[in-house]
Structure formats: structure tokens, C-alpha cells
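The values are calculated or read from the model by the stated rules, or taken from the named source; none is laboratory data. Source: prediction; values computed, not measured. Cβ coordinates were reconstructed from backbone atoms using ideal geometry, including for glycine residues, and neighbour counts include every protein chain displayed.
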Amino acid sequence: MTVAWVFPGQGSQKIGMANKIIDLPNVKSRFNYASEVFERNLFEICESNSDELNNTKNTQICLFLVESVLLDSLKQNGFKPNFIAGHSLGEITALYCADVLSFEDCVSLIKVRSGLMANAAKGSMAALISFDRDQLDLLVEEIDDLVIANDNSASQVVLSGSEKALDNLSKRITAKRFLKLNVSGAFHSPFMKEPSFQFSKYLDTLEFNQPSLPVISNSNPSLCNDPDELKVRLKNQMCNGVRWRETMDLMKENSILQMVEIGPSNILGGLAKRHLKDVKISQVSFADQIKY
């Protein structure tokens, strides 16, 4: 059976998600290690403070810690995917899963990435649900300072741009829902040019190992086994859109029979249920779910 593991990004976090995995190996040691690097109690943030958990500087590392523990527990129980993908922050978890980066490298990388993104302070984002794709494409082309940041499915996208551009679009698009997001900047867009440059410089200090599994990247949704190319694709991620709809199409082309979302919620599974009609969708979120 062809199986894909997928890892969600920001927006999938939940208060209590760390306690749900407390009985799995390495939870305390990993949270303690990352808490020292970040100089704050990340386990406590996961359990009791939604404002702090939703802060980009904390969200990304907390999600990675939960996802990394779950995927390692699956591996230890004999499970293995045919290929992997992650949504935004989840791409870093995918690189860890494929042995491209060590746990310690990922923690340090995420501290740099989340800090740069949290301090971006340019532009904003909005989710668009149930819309006319042709109309959206024409408006995005016509309106300055507006891009599709997350092309999640045929019926759901996230847009990045200036406040003016987003307001302009909201008045002209026909859609079921237009929702401004509470974020610090216009992620996955040209607005992230300077943070992306700084992140690229940091990535140049890291060695990417030969992947043990093919990885599908956000900026170039194709199967990749080249560590140098995977680094280039991660460099391109911050300024370019997350092409998740194409990622799911690629999975279908590669005869996927099961998609397993590894993380605290079923955001990617929900998208897949509508997009991958004949594929079994599974979820691994808790200590007692180390199977599928």
C-alpha cells in the first residue's frame, strides 16, 4: 500500500497537545532541550496559555516537538511511509522525518525561522472559502501587492498582501467566506523578502543529509531525494506560496492509497477528504494512536 505521511503547520496547534503525548518516549527530554534553547517553558505554554501558544515564536517549535515525537514513535512501531510532505512549518518536520536534519538542527532552525516571521510586521493574510477560481486568479493578477500564500484546495486558499489589497479583494470577490487572519505579516509572499534572505543565510550554515524518503516541498511539489535541492526549496518557501493542492494531486498521481496526518488536528486530513476521494485518511495525534 502506498502511504504518505503529512505534517501540518501553524493553525493546527491545540492547548493540551503536549499532554496527549506525555506517555511516549523522549517527550520530556525533547521539551526540556527545546525549552533551554528558546529560554521558556514550552510544555507549560502548550498546556495552559493559548495566547502564548498562538504566538508564532512558540507555535512553530511546539508543533514540531509534538509531531517529531509522534513520527518517531510510529517508526519505532514499524511504520514507514513511501513519501512525506509538510505544510509550511510541517516541511521542516518532514525533513527531520527523512533524516535530512537532526532534531537539534531543527530546533535551532525553527528558532531562527519563527523569530524572523514573528518580526516581519509587513502585510497581512486572509482565508477565502468556496469561491470562483477563475475570478480569484483574475483579481490576484489585477490587484497589486496580493498573492495566493496557501493554495490548499479547490475551495480554500489563504491570501497574503497589503491591508489595502486584501480589503479591495474582499469587496470584489464572490465567496462563501472571507476571513482576516491574526498573523504578524504576509507569510509566503514577496513581503517576506528580507526575512527570507536572512533565513537563507542561516540555512547555508547547515548540512542537509541524503534523505531516507522522498520529500515533497511546498515551493516545488515534486518528489525529491537530493539534499542540495531540498535546501534550495526550503530557502524558497518563505517568499513563495504553499502549493498544497498540487501536493495532493501529486500524491494521487503516485497512486497513494492512504494519507496519515501526524499532528494535533485534522486540518490536512479535512482538505484531503474533499480532494482525494478514494484515499483512506488517518490521524495520529495522541499516545494511544500510534497505529493506522
Inset, instruction - Tell me which residues, restricted to segment 104-130, are over 17 Å from the mean Cα position of the chain (by Cα) and more than 18 Å from Gln198 (Cβ to Cβ). - result: Glu104, Ser124, Leu128, Ile129, Ser130
Inset, instruction - With the condition kept exactly as written, say whether any residue in segment 174-190 is at negative phi, in contact with a Cys (Cβ under 8 Å, 6 or more places away or on another chain), surrounded by fewer than 22 Cβ atoms within 10 Å (Cβ to Cβ) and of a type outside the set (Val, Ile, Thr). - result: yes
Inset, instruction - Only one of these is of a type in the set (Asp, Glu), touching a Phe, Trp or Tyr at 6+ places or on another chain (Cβ under 8 Å) and not assigned by TED's automatic domain parsing to the domain that holds Leu276: Asp151, Asp137, Asp144, Asp132. Name it. - result: Asp151
Inset, instruction - Could you please let me know if Glu207 is assigned to a helix (DSSP H, G or I), at pLDDT 95 or above and either charged (D, E, K, R) or within 26 Å of Ser153 (Cα to Cα) (or both)? - result: no
Legend entry - Answer residue from segment 255-269, given it is part of a helix (DSSP H, G or I) and not small (Gly, Ala, Ser) and is surrounded by the most Cβ atoms within 10 Å (Cβ to Cβ) among those: Leu268
Inset, instruction - Output the number of residues of segment 103-155 satisfying the condition of being among the β-branched types (Val, Ile, Thr) and in a helix (DSSP H, G or I). - result: 4
Inset, instruction - Name, by its number, the condition in (1) at pLDDT 95 or above; (2) more than 27 Å from Ile148 (Cβ to Cβ); (3) in contact with a helix residue (DSSP H, G or I) (Cβ under 9 Å, 6 or more places away or on another chain) that does not hold for Asp23. - result: (1)
Legend entry - Met248 being surrounded by 19 or more Cβ atoms within 10 Å (Cβ to Cβ), touching a helix residue (DSSP H, G or I) at 6+ places or on another chain (Cβ under 8 Å) and in a strand (DSSP E or B): no
Inset, instruction - Among the helices (runs of 4 or more DSSP H) lying completely within segment 1-80, list those that include at least 3 residues that are at negative phi and in contact with a strand residue (DSSP E or B) (Cβ under 6 Å, 6 or more places away or on another chain). - result: 56-76
Legend entry - Within segment 121-160, tally of residues that are small (Gly, Ala, Ser) and surrounded by fewer than 21 Cβ atoms within 10 Å (Cβ to Cβ): 6
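Conditions (1) surrounded by fewer than 19 Cβ atoms within 10 Å (Cβ to Cβ); (2) out of contact with any Pro (no Cβ under 6 Å at 6 or more places or on another chain); (3) under 29 Å from Pro221 (Cβ atoms); (4) acidic (Asp, Glu), marked per residue:
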{"site": "Ile22", "(1), (2), (3), (4)": "yes, yes, no, no"}
{"site": "Tyr33", "(1), (2), (3), (4)": "yes, yes, no, no"}
{"site": "Gln60", "(1), (2), (3), (4)": "no, yes, yes, no"}
{"site": "Leu65", "(1), (2), (3), (4)": "no, yes, yes, no"}
{"site": "Gly78", "(1), (2), (3), (4)": "yes, yes, yes, no"}
{"site": "Ser88", "(1), (2), (3), (4)": "no, yes, yes, no"}
{"site": "Asp105", "(1), (2), (3), (4)": "yes, yes, yes, yes"}
